Each structure stands twice: as C-alpha cells, then as structure tokens.
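So the structure is just underneath, and the comments pick up after that.
Each reported figure results from applying straightforward, stated rules to the coordinates on display, with no laboratory input. Keep in mind that what you see is a predicted model, and the values were worked out from it rather than measured. Here Cβ is always computed from backbone atoms with ideal geometry, including for glycine, and neighbour counts include all displayed protein chains.
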Amino acid sequence: MSDIVFRYILITWVLIAVAVFVSLFFVTAPYGRYLRGNPSLSLHGRLGWIIMETPAPLIFAACFAINSQMTSRTLIVFLLMWEIHYVDRSLIYPITRRISAKPLPLAILAAGLIFNTMNAYLNSNYLIVNSYIYSVMWLRDIRFMIGLSLFLIGLIVNRYSDHVLYRIRRTSQNEYSIPYDGLYHWVSCPNYLGEILIWIGWTVATWSPVAAAFCLWTIANLAPRARSHHQWYQNHFSDYPNERRALVPWIW
C-alpha cells in the first residue's frame, strides 16, 4: 500500500471516529442494558463477543508472522502488549466472566468485526512498514517507558473494574447493582477509563499516528457510553452517590 493511499485511509478513519463520537451522544448503541426486546437477527452475547473481538489478535499476529523478517525486539514487545490485551479481551474475558446474557444484535457484531479487522491491520501494518524506526534503543526512549507505564496502569484498572462487576453479577440476584470498590468510588465507568488509558499508553509507546487514531476511536465509543451508563445509574438507583462522575474523577 502506497503512503498516499495509507494517509487517505487514515484520514477517513479519523473522520469516521469523529462522526461516531458525535452521534453516540444522541443515540446509545442498542446492546447490553440498552437492548429493547429480543432482536431476531442476533447471537448469544458470549458467542457474539468472541466472534467480534477475535480478529484483533489474529490479524495483528498474522501480519507479524507474514513479515517476520522485518520484526525486531521492539516490535516483538509491541506484539506482546497487543496480544496480552486482546487475547484476554476476546477469549479469556467472555469465557471466564459472566458477560451480559442478552443477545448481541448482528448489526453491532458486524460493526465491531469490521472495526477490529481494520484497526488490527492498520496498527500492525504501520509498525511493520516503519520497523526501521523501532530499533532496540526505542525500548529506552522516554516515550516508550511512559507509554508502557500508562498501558500497564490502564490494564490493571480495566481488569480490576471488570472483576468488580463480575462479583456483583455472580453474587447478586439482579444483573445490575451499584459498584463501590476501586475507582468506582469516584466514577461510574472505571473499566472504560482503564481501556482509554491502555490505548493512550499504546499511542505514546509507539508514537504512531495510527495508534492515535485508535485512541480517538476508543474515546469516541467509550466516553458517550460512560455518560449513558452514568445517567442510567442515576435514573435507576435513588441512592446513587452524587459525587461520582461518569468517566474522569472529579471532572466529568
């Protein structure tokens, strides 16, 4: 793929993310707690989740395998970072955690499938094509060290917050209750905050415009949904803590 074509694809990718960000403040994606009725075109939530997320680790790893002669120690570290997140997110999380039993509409599944396929290809392709930038010295670069730190912090916040929700679903008769542990003391969606930190860290560690576009996509999807979750909690629980914010402690 030529640099010009890649640039136009990336610009289009960013513009779509901006459009999604704006639209999701007006229309909440109809899955999970926001699903109404039982759509005929749907899959079981767990199976749909696995199908939707699996292209991310598979395509990323396949691109590295096909271009193995261009990989370096630094690129292997990036590969491990990506796979650590996505193998868990696509397989371990849906198998070991009680995710929503509600069906996943095929329209949502298709959108997620297309996104994960495109996103994995763009991120892996950029790293491989620009492999000459990522010598072993990159691992000592301040950008990599800060980015890796943010990535790991986000991973811990995201996984622990998901575990808090899992405990509630496992022990409560209701699928939804007010969570209190960890960062739930301050925000309604620390799992989303952790996810955003993961990809901010990825962006800084790789210093890649494609990673920055992915980070924008993450915020575009999760910030409006965090706002919807926050309002949902407030509407459904009269004792919901007033001091909590939607996504960022003390701010928003």
Legend entry - Where labels lie 7 Å past Cα in the beta-carbon direction, separation of VAL248 and SER2 in nm: 4.0
Inset, instruction - Subtracting the Cα-Cα distance from 0.36 nm times the residue separation, let me have the gained length for TRP207 to ARG167 in nm, one decimal. - result: 10.7 nm
Legend entry - Residues CYS215, CYS63 arranged by fewest to most Cβ contacts within 10 Å: CYS63, CYS215
Inset, instruction - For every helix of n ≥ 4 consecutive DSSP H residues, a contribution of -39,500 (n - 2.57) applies; sum these over the chain, divide by its total residues, and give [θ] at 222 nm rounded to the nearest 500 deg cm²/dmol. - result: -21500 deg cm²/dmol
Legend entry - Helix axis angle, 190-206 relative to the chain longest principal axis, alpha carbon, degrees: 10
Legend entry - Net dipole in debye of the chain [+1 Lys, Arg Cβ; -1 Asp, Glu Cβ; about Cα centre; nearest 20]: 380
Legend entry - Order by protection proxy (mean Cβ within 10 Å, highest first), peptides 135-142, 184-191, 245-252: 184-191, 245-252, 135-142
Inset, instruction - Please arrange ASP181, ASP3, ASP88 by counting, for each residue, the other beta carbons lying within 10 Å of its beta carbon, fewest first. - result: ASP3, ASP181, ASP88
Inset, instruction - Determine, from the Cβ-Cβ distance of SER149 and MET118 and an R0 of 25 Å, the FRET efficiency 1/(1 + (r/R0)^6), rounded to the nearest 0.05. - result: 0.35
Inset, instruction - Could you please report the charge total around SER90, scoring K, R as +1 and D, E as -1 over all other residues with beta-carbon less than 11 angstrom from its beta-carbon? - result: -2
Inset, instruction - Quick one: grab Rg to one decimal and Dmax as a whole number for the chain, Cα atoms only, in Å. - result: 18.7, 59
